[in-house]
Amino acid sequence: MSDLSSTTVAIVGGTGPQGRGLARRFAMAGVPVVIGSRDAERAQLAAATLAEATGRGVTGATNPEAARGADVVILAVPWEGHAELVSALAPSLAGKVVVDCVNPLGFDKQGAFAIDVEEGSAAQQARALLPDSVVVAAFHHVSAVLLDDPEVADVETDVLVLGDDRDATDLVQALASAVPGMRGVYAGRLRNARQVEALTANLISINRRYKAHAGVRVTDL
């Protein structure tokens, strides 16, 4: 496993359920973490709470500040406003590996469903808006509930990692595999992110029916 102790990960949207959960797991794995938020005070409060809970150094900052000081930036934000936020952060994300874990989903009385994205997927939209960054898609199917539960020691799931840059996808696979129980699996080029994002709607249906926190496992690897 790669030594990630000198790789700083910023999580844009780090005060939300998924972002906070990922921050917890990376911090526990010894990865330096910066929680980003629109509100610096809110980010710092979340970071202080997480640092106390994990015994690790976690800091908080505004989204642009967090992005500028990181090597890898994870976008863990709602689909609504995704394009606007990514565009605004483009200067701060230049030269960074940007991991998009956003799922374009809608909800109605029948449950969750995938939303068509003009660029093909949220990750492809991010790539179009971030010409000076390397965009990778990953962490779409990891339960926020399990990630942020201090009683859960191992998060048993595979993380499908997609991208067009081998060094970047290798790095994100290593980040995923640093979390006990989790494994990063290369799943193709970024053009294949659409079906990976959409699969989240199926998992939501599974979890609602079986009252579970199901993820994905790839066999025969």
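Where a number appears in this text, it was derived from the coordinates with a stated rule and is not lab data. Please read these numbers as outputs of a predicted model, since none were measured by experiment. Note that we place each Cβ from the backbone using ideal geometry, even for glycine, and neighbour counts take in every protein chain shown.
Quick rundown of the values:
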| quantity | calculated |
| --- | --- |
| Global geometry of region 175-221, whether rounded, prolate or oblate, following the gyration tensor of its Cα atoms and the 1.5 cut on a/c | oblate |
| Residue order, fewest to most beta carbons within 10 Å, for 130, 75 | 130, 75 |
| Unit charges on C-beta of K, R, D, E only; dipole of region 167-221, Debye | 360 debye |
| Karplus-derived HN-Hα couplings along region 18-26 (A = 6.51, B = -1.76, C = 1.60, θ = phi - 60°), whole Hz, x at Gly and Pro | 5, x, 5, x, 5, 4, 4, 5, 5 |
| Residues residue 48 and residue 113, FRET efficiency given R0 of 25 Å [Cβ-Cβ distance, rounded to 0.05] | 0.05 |
| Backbone N within region 54-70 under 17 Å of label point (7 Å from residue 94 Cα along the Cβ vector) | 64-70 |
| Three-way shape label, region 1-138, alpha-carbon gyration tensor, a/c 1.5 | prolate |
| Options 72, 47, 115, ranked by Cα towards positive dipole end of the chain, top entry (Cβ charges) | 115 |
| Dipole moment magnitude, nearest 20 debye, region 9-210 about Cα centre, only Lys, Arg, Asp, Glu C-beta charged | 180 debye |
| Most fluctuating residue given options 112, 47, 90, as computed from a GNM of the chain linking Cα atoms under 10 Å | 112 |
| Residue-wise HN-Hα coupling along region 206-216, computed from phi with Karplus coefficients 6.51, -1.76, 1.60 (Hz; x: Gly, Pro) | 4, 5, 5, 5, 9, 6, 10, 10, 5, x, 10 |
| Mean ellipticity per residue at 222 nm, deg cm²/dmol - from DSSP H runs of n ≥ 4 across the chain, formula -39500 (n - 2.57) | -12000 deg cm²/dmol |
| Only Lys, Arg (+1) and Asp, Glu (-1) charged, at Cβ; region 103-221 dipole about Cα centre in debye | 440 debye |
| Residue among 113, 139, 26 with the largest mean-square fluctuation in a Gaussian network model of the chain, springs linking Cα atoms under 10 Å | 113 |
| Whole-angstrom gap from region 94-113 to region 173-221, using each part's C-alpha centre | 13 Å |
| Shape of region 109-166, Cα gyration tensor, a/c cut at 1.5 | oblate |
| Whole-Hz couplings from phi, Karplus 6.51/-1.76/1.60, listed for region 88-96; x for Gly and Pro | 5, 8, 3, x, 6, 8, 4, x, 9 |
| For residue 157, residues with placed amide H under 5 Å, excluding near neighbours | 182, 183 |
| Antiparallel DSSP beta bridges within the chain, percent to nearest 5 | 15 percent |
| GNM top mover of 86, 161, 73 - the chain, alpha-carbon springs below 10 Å | 86 |
